[in-house]
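Please read the structure below before turning to the comments.
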Amino acid sequence: MWRRIFILVMCVIHICCIMMVGCDRKPEEPVPTETTKASTPTPTPSPTPEPKEKYYGPDFAKKAEITVEGYEEGPEPRPKELMVDGDPYTRWAFKRFPTDVIFDFGAPFILSKAHFTWLETGRIYYYELYASYDGDDWVLIADRSNNDEGYNTTDSFDGFYGKYVKITMLDNEVQNGWAAINEVDIDGFRFVDSPYKIDIQERIIEIEEEVSKEIFIENCNLDGLYEAKVETDKEKVSDGDILKVLCGDVEFEYTIKIK
């Protein structure tokens with residue numbers, strides 16, 4: 001009997017020891033699992049739009065798109081760009097008469113003057129100058145078919161409103177077949193996005209109310225080579241006053257009306 005009691009006690013002691021060891025053991029910490037982060041695609045920057053140059057400047061010819069029927073290719077090329085490069089000693093040249101040179105100004109403007117520098121002091125060129133609003137209907141604005149001036153010629157106009165100018169080269173006095181222009185300067189002005197209602201043909205400017213002369217001229221948004229003033233003895237521009245624009249040697253007058 002004592003033997004059975006002894007065995008029973010030993011079993012109880014053994015069970016208690018096992019339970020104590022289990023209580024002392026620390027729970028295993030979970031092993032962190034590597035998480036693969038989804039790669040964020042790098043955004044592609046949008047291309048920066050190229051700024052478009054506004055068509056401003058005193059000499060409209062230098063920023064116009066020029067069309068010619070041809071040019072001398074060799075031994076020294078004389079392309080169309082040389083007639084507007086500011087150098088009177090370079091030139092466009094093409095062996096053909098008659099031939100046309102067309103300037104597209106991109107937007108209509110009020111033509112005031114065209115100045116030409118020709119090849120040689122003693123050589124006279126014969127030409128006609130046309131202007132057009134749409135590129136289809138042309139108006140003769142200068143007739144130099146019987147020209148007697150060499151090297152430099154200047155043609156002034158009474159403000160033809162157009163987008164295109166065409167030079168028709170007819171001949172030169174030596175009749176060698178070569179058309180050539182060293183330099184072209186075209187003066188004019190335009191009203192650029194003015195808040196006023198402007199009748200170019202009738203030369204009338206309508207405004208809502210009387211304003212100071214300074215604000216009026218600023219709001220006209222004139223562009224080009226010009227001098228502008230309001231002819232009035234009052235501090236503010238009012239009905240019946242006159243805007244005078246001097247462009248080159250030509251003065252333009254616009255009557256101001258209040259609605």
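Below, the figures for the structure above:
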quantity	calculated
Inter-site label distance for Tyr161 and Asn221 at 7 Å from Cα along Cβ, in nm	1.5
Inter-probe distance in nm under a simple model that places probes 7 Å from Cα toward Cβ, at Glu149 and Glu209	4.9
Residue list for the stretch 199-236, given a label point 7 angstrom along the Cα-to-Cβ vector of Lys259 and an amide N cut-off under 15 Å	199, 205-211
Gain in span if fully extended, Arg96 to Arg123, counting 0.36 nm per residue against the direct Cα distance	8.1 nm
GluC sites (Glu not before Pro) within the stretch 158-259: DSSP coil, no more than 10 neighbouring Cβ in 10 Å	Glu202, Glu208, Glu209, Glu235
Taking N as its residue count, the alpha carbon Rg of the stretch 110-208 over 2.2 N^0.38 Å	1.30
Where trypsin sites (Lys or Arg not before Pro) fall in DSSP loop in the stretch 197-248, at most 11 other Cβ within 10 Å	Lys234
Nearest-0.05 FRET efficiency for Lys236 and Asp104, computed from C-beta distance (R0 35 Å)	0.30
In the stretch 58-149, trypsin sites (Lys or Arg not before Pro) in a DSSP loop with at most 16 other beta-carbon atoms within 10 Å	Lys95, Arg96, Arg123
Net length gained if the chain between Asp193 and Glu65 were fully extended (0.36 nm per residue, minus Cα distance)	43.9 nm
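No lab work stands behind these numbers, since they all come straight from the coordinates. From a predicted model like this one, the values you see are computed outputs, not experimental measurements. Every residue, glycine among them, receives a Cβ derived from its backbone with ideal geometry; neighbour counts consider all protein chains shown.
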